[in-house]
Amino acid sequence: MKTEAVYEETCQVVVVGAGHAGCEAALACARLGLDTILFTMSIDSIALMPCNPNIGGTSKGHLVREIDALGGEMGKNIDRTFIQSKMLNASKGPAVHSLRAQADKAAYSCSMRQVLENTDHLAIVQGEVTEILTEGRQVTGVKTYSGALYSARAVILCTGTYLRARCIYGSVSNATGPNGLQAANHLTDSLKALGISMYRFKTGTPARIDRRSIDFSKMEEQLGDERVIPFSFTTDPESVQKEQVSCWLTYTNERTHEIIRKNLDRSPLYSGVIEGTGPRYCPSIEDKVVRFADKSRHQVFIEPEGLSTNEMYVGGMSSSLPEDVQHQMYSSVAGLEHVRIVRNAYAIEYDCIDPRQLLPTLELRKISGLFSGGQFNGSSGYEEAAAQGLLAGINAAMKLLGKEQIILDRSQAYLGVLVDDLVTKENREPYRMMTSRAEYRLLLRQDNADLRLTKLGYQVGLISEERYQELLKKERQIAEEIKRVEHMNLGTSSQVQEVLIQAGSTPLTSGSTLAELIRRPELSYELLAPLDPERPVLARGVAEQVNIHIKYEGYIRRQEKQVEQFKKLEQKRIPADLSYEEVPSLRTEARQKLELYRPVSIGQASRISGVSPADVSVLLVYLESRRRGVTGKELGEAQ
């Protein structure tokens with residue numbers, strides 16, 4: 001009997017998964033001219049938001065701005081589809097300002113799909129990838145569940161939470177991905193066969209409820225900003241000034257907590273049914289009640305899922321408790337007494353890799369041409385996923401185009417911090433980005449992401465010439481205006497004194513420069529405009545940079561000096577072929593950890609747990625002796 005031939009196709013890049021990481025990876029490769037195929041379990045789930053209906057937030061907003069600065073799509077897409085926008089931490093310093101926008105989930109997915117479908121060199125295929133094909137240590141393509149073969153020179157894995165996914169609440173356990181979508185049940189075996197180490201992680205999501213069953217009069221209304229600031233540096237600010245929807249704040253209470261405590265034995269989190277490790281920084285409501293037993297209430301945010309649906313997201317109350325307990329628990333909250341649950345809360349378990357197997361380029365050490373990004377790398381969050389997907393896509397393209405791949409270090413971007421933490425630290429839970437993780441956060445502000453990264457995006461090829469020239473113009477204007485303000489002298493005229501008094505500032509007793517006044521905490525570049533009649537007309541972003549640079553100049557210079565020291569260690573490269581067995585005087589633990597992680601620089605080596613400052617000194621001495629031609633044996637004898 002004649003066997004039907006298996007379908008075969010050849011492309012340059014295959015991207016597995018069309019979530020936030022997969023979309024950015026596929027767009028980057030296609031926009032750089034590589035024929036790319038994007039696989040998804042369901043075309044209807046492209047850029048799906050299975051959990052919270054928002055983009056950005058504390059530290060995450062920084063990542064979205066960095067994605068945009070490098071030429072990614074997430075910032076533009078949320079600007080097109082947001083329904084409420086707010087700048088978080090606006091009363092604090094600029095280092096922690098973070099933009100956050102509520103999304104219309106359906107519109108966000110639809111808009112991203114339209115972008116993908118209309119991008120040259122990019123094709124979308126609905127199907128399950130079940131096997132990674134290799135020859136030796138080189139990836140050659142993928143095989144699908146139907147048996148079709150797709151040859152490719154690079155493969156980017158962005159499987160999200162779909163690998164062997166299992167959704168659980170109470171005694172109910174379904175072998176599905178998020179939102180009841182089909183899980184990917186076969187690829188894990190192929191990865192393990194390639195010698196890739198896997199983790200089992202979990203995350204959770206709260207219930208979705210019917211707007212019509214909510215009593216908003218018992219809640220606090222949460223409004224968006226009066227003046228909306230877009231995520232993308234290319235979005236016209238006027239285009240995002242529109243009517244916004246409201247979110248709402250309520251609280252759990254002692255009755256809520258008592259219901260949870262009485263039913264902990266029925267929670268799969270506490271009964272052992274759930275095997276995966278969840279994120280500490282995004283706990284379920286059960287975890288909150290147990291871990292913070294002294295708290296009498298917890299915040300609950302009621303957020304709309306979109307303009308065309310009555311579904312509302314119950315932020316702060318993710319759970320895996322049984323269905324009957326969920327009804328009791330949610331209805332005990334003020335304003336939710338008569339709540340109708342549309343979708344039950346659930347926990348989801350899934351397979352992901354140990355990211356320590358990755359190079360800082362997000363390429364697997366063991367297999368050339370195999371890259372990965374997103375929750376598959378053991379992280380959590382849409383923004384963390386998209387940022388990794390973009391970096392993986394850029395580096396896969398650079399590899400195929402014969403160009404230098406990019407590595408972002410901790411002083412360049414939050415994305416650099418994110419990747420460095422993933423590949424050098426043991427993460428036994430889903431990794432979440434936080435401002436506290438960034439040592440140089442005063443330099444890595446969301447407002448200057450374009451100044452930090454757009455030149456790199458231009459060098460890669462994802463930023464247009466027009467946008468690059470606009471950046472250069474912005475840099476010139478900032479430098480010129482700072483210089484002008486620093487040399488603009490003000491006397492003690494009545495106008496000066498009046499402006500200062502109205503702003504709650506101390507009047508001058510002698511002359512001052514405009515810059516010296518800007519440095520006063522209660523004053524700013526904008527507030528002092530009446531004293532500056534010759535001020536040029538500048539874009540908001542330029543004026544913002546002038547104000548921040550002048551006001552925080554001393555702190556910025558101090559951090560820049562710290563970065564100089566950091567760079568010295570980052571620039572000391574470690575040869576890829578170095579055998580740590582040949583390095584004399586290294587402690588056994590350090591030797592083992594260095595062999596495991598294979599750091600690319602001394603700086604990276606110094607951040608590996610188990611590698612002490614003394615080990616770093618030994619390594620520095622050895623590298624210098626190797627450069628001079630002294631063997632490890634000779635060095636050992638000399639020591």
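The values are calculated or read from the model by the stated rules, or taken from the named source; none is laboratory data. Remember, it's a predicted structure, so these values are computed and weren't measured experimentally. Ideal geometry is used to build each Cβ from the backbone, glycine not excepted, and the neighbour counts take in all protein chains shown. What goes into the accessible areas is simple: the full protein's heavy atoms, side chains included, and nothing from ligands, DNA or RNA. Shrake-Rupley method; radii C 1.70, N 1.55, O 1.52, S 1.80 Å.
Worth pointing out:
- Using only Cα coordinates, the Kirkwood hydrodynamic radius of region 411-508 works out to 17.6 Å.
- About its Cα centre, the dipole of region 58-182 is roughly 460 debye, where the only charges are +1 on Lys and Arg Cβ and -1 on Asp and Glu Cβ.
- Centre separation in Å (Cα based) which lies between region 276-343 and region 401-459: 32 Å
- Packing-based ranking of 224-231, 17-24 yields 17-24, 224-231, ordered from highest to lowest mean Cβ neighbour count within 10 Å.
- For the listed peptides 403-409, 91-97, a ranking on the average number of other beta carbons within 10 Å per residue, highest first, reads 403-409, 91-97.
- With a threshold of 24 Å on the Cα-Cα distance, the over-threshold entries among LYS192/LYS593; LYS86/LYS483; LYS366/LYS593 are LYS86/LYS483.
- In this structure the amide hydrogen of THR134, modeled in the peptide plane, comes within under 5 Å of the amide hydrogens of THR140, none closer than 5 places in sequence on its chain.
- Solution diffusion estimate, µm²/s, Stokes-Einstein, the chain, Kirkwood Rh from C-alpha pairs, 4 °C, viscosity 1.567 mPa s: 49 µm²/s
- Net charge dipole size for the chain [Lys, Arg +1 and Asp, Glu -1 on Cβ; Debye, nearest 20]: 1260 debye
- Across region 179-193, computed HN-Hα scalar couplings (Karplus, 6.51 cos²θ - 1.76 cosθ + 1.60, θ = phi - 60°) run 6, x, 6, 4, 7, 9, 9, 10, 5, 3, 4, 5, 5, 5, 5 Hz from first to last residue, x flagging Gly and Pro.
- Accessible surface computed residue by residue for region 276-372, with neighbouring protein chains in place and a 1.4 Å probe, gives 35 Å² per residue.
- For region 511-580: accessible area per residue (Å², 1.4 Å): 58 Å²
- Accessible surface of the chain [probe 1.4 Å, protein heavy atoms]: carbon and sulfur percent: 49 percent
- Kirkwood hydrodynamic radius of region 88-139, from inverse mean 1/r over distinct Cα pairs, in Å: 15.9 Å
- For peptides 58-71, 430-443, sequence by mean Cβ density within 10 Å, most packed first: 58-71, 430-443
- From phi via Karplus (6.51, -1.76, 1.60), per-residue ³J(HN,Hα) for region 160-172 in Hz, x at Gly/Pro: x, 10, 8, 5, 6, 5, 9, 9, 9, 8, x, 8, 8
- Dividing the summed helix terms, -39500 (n - 2.57) for each DSSP H run of n ≥ 4, by the number of residues in the chain produces a 222 nm estimate of -10500 deg cm²/dmol to the nearest 500.
- Pairwise alpha-carbon distances in region 553-624 exceed 17 Å for 42% of all pairs.
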